[in-house]
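Just so you know, all these numbers are worked out from the coordinates, no wet-lab data involved. Note that the structure is a prediction, hence the values are computed from the model and not measured. As a convention, Cβ positions derive from the backbone with ideal geometry for all residues, glycine included, and neighbour counts pool all protein chains shown.
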Amino acid sequence: RVKRRFDLPPSPSTVSSEPEDTNCKTISSSGAASVSQLVQTQSKEWLPEDMMARQKVSSFIVEPQSCAYISWLTMVNIAFLYNCFVIPLRTTFQYQNPDNTLTWWAFDYSMDTIYLVDMAVVKPRIMFLEEGFWMKDFKNTRLNYMKKTEFKMDLMALVPLDLLYFYIGSEYVVLRLPRLLKIHSFWEFFNHFDKVSPSPYIVRTARTLTYMIYLVHINACAYYAVSLREGIASNQWVYNGVGNAYIRCFYFAVKTATSIGKNPRPENEAEYLFMTACWLTGVFVFAILLGQIRDIIATATRSQTEYRKLMDETLDHLRKLNLPPRILERVKTWFSYTWQQQHTLDESRVL
């Protein structure tokens with residue numbers, strides 16, 4: 001019995017109670033890690049090229065202050081301005097006819113493609129700050145974009161109301177009016193360009209002039225629409241049908257919006273209401289826009305104005321002291337040299 005007992009195989013408890021060989025365990029773990037790394041590298045090598053390209057496309061992130069993003073915003077801004085000016089133009093003036101409809105459609109859907117790429121590819125990949133850290137993960141950037149009002153406006157801007165062309169006719173370009181909801185990209189473009197431009201005052205002036213020109217453009221289109229409703233050349237106030245229709249109506253809108261006057265007198269209630277609305281728009285809106293231009297120019301030339309004022313006051317004070325002209329000339333030379341070299345007379349800034 002004793003011999004049989006010693007010949008029996010060891011129980012699991014006795015095996016588990018034996019000391020383990022740590023060296024063997026370390027070797028086995030390192031070997032498993034190396035094998036897993038080898039499998040991963042081999043799997044990456046075996047991936048098809050199209051799958052690797054998809055991974056690269058899905059991982060790229062857009063920096064909001066980069067030149068590439070500002071260049072893309074320029075394209076989006078061109079598409080937005082195209083819709084802003086062309087939709088009212090083709091709605092009122094007869095610039096679209098069966099001969100050039102396909103050409104207009106080519107331009108329209110090219111701009112819609114830019115809208116679509118901006119909403120589906122670029123905007124969901126713009127990194128953003130959260131608690132002082134840049135968030136670069138695609139899931140976070142996409143979720144951040146979809147939470148914003150911009151996403152809803154971009155989505156509504158691409159509502160395919162153009163499909164109604166097949167039912168009511170392609171001349172109803174007003175169906176593309178939702179494209180104007182992309183206006184936030186227009187503001188974003190000028191805000192970014194203002195930050196990176198060496199002459200931000202020119203950018204601000206250009207934005208204000210764009211507002212003014214667009215307001216005159218809308219007035220010109222409205223004037224032609226009223227003239228068409230009343231009848232071309234039906235009285236002295238409406239458009240008489242001579243010359244280029246848009247240029248004549250644009251000239252009329254400029255005179256009305258700027259309150260220059262010398263326009264024909266309205267002859268009915270609708271014409272009186274239209275002229276009243278144009279004058280009120282010109283008085284209030286143009287006054288605000290011109291005030292903005294004045295403030296922009298004043299801010300841009302503030303340092304130079306202060307320099308001239310200080311130099312004039314200093315020279316005037318020296319003349320009152322009856323100093324010789326040689327001293328006055330040396331003081332004037334110092335002012336001119338310091339301004340040309342430093343563009344400031346503040347010694348703390350110079351140092």
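Observations, loosely collected:
- Anisotropy class of the range 117-272 from Cα gyration tensor, a/c 1.5 cut: oblate
- Under the Karplus curve 6.51 cos²θ - 1.76 cosθ + 1.60, θ = phi - 60°, whole-Hz ³J(HN,Hα) for the range 84-92, x wherever Gly or Pro sits: 4, 8, 7, 4, x, 5, 6, 6, 9
- Taking 216, 121 and counting other C-beta atoms within 10 Å, the order from fewest to most: 121, 216
- For the range 60-196, lysine pairs with C-alpha atoms less than 18 angstrom apart, excluding pairs fewer than eight positions apart on the same chain, total 13.
- Mean-position separation - Cα centroids, the range 239-291 and the range 173-188, in angstrom: 25
- Between residue 317 and residue 235, the contour length at 0.36 nm per residue exceeds the Cα-Cα span by 22.9 nm.
- Backbone geometry of the range 309-314 corresponds, through the Karplus equation with coefficients 6.51, -1.76 and 1.60 at θ = phi - 60°, to 3J(HN,Hα) couplings of 5, 5, 5, 5, 5, 5 Hz, x marking Gly and Pro.
- Shown here for the range 222-310: GluC sites (Glu not before Pro) in loop regions (DSSP other than H, G, I, E, B) with at most 14 other Cβ atoms within 10 Å, namely 267.
- A simple spin-label model places the labels of residue 194 and residue 113 3.3 nm from each other, with each point 7 Å out along Cα-to-Cβ.
- DSSP-loop trypsin sites (Lys or Arg not before Pro) across the range 220-306, with at most 10 other Cβ within 10 angstrom: 262
- Label zone at residue 277, where the point sits 7 Å out along the Cα-to-Cβ direction: the range 206-221 residues whose backbone N lies under 20 Å: 211-221
- Cα gyration tensor, the range 212-283 - rounded (a/c under 1.5), prolate or oblate: oblate
- Between residue 66 and residue 294, full extension at 0.36 nm per residue minus the direct alpha carbon distance yields a gain of 79.0 nm.
- Amide H contacts under 5 Å for residue 128, placed H, 5+ residues apart: 135
- In this rough spin-label picture, where each label sits 7 Å from Cα along the Cβ direction, the residue 121-residue 303 distance is 4.1 nm.
- Converting phi to 3J(HN,Hα) with the Karplus coefficients 6.51, -1.76 and 1.60 and the offset θ = phi - 60°, the range 66-79 yields 7, 5, 5, 5, 5, 5, 5, 4, 4, 5, 5, 5, 4, 5 Hz in sequence order, with x at every glycine or proline.
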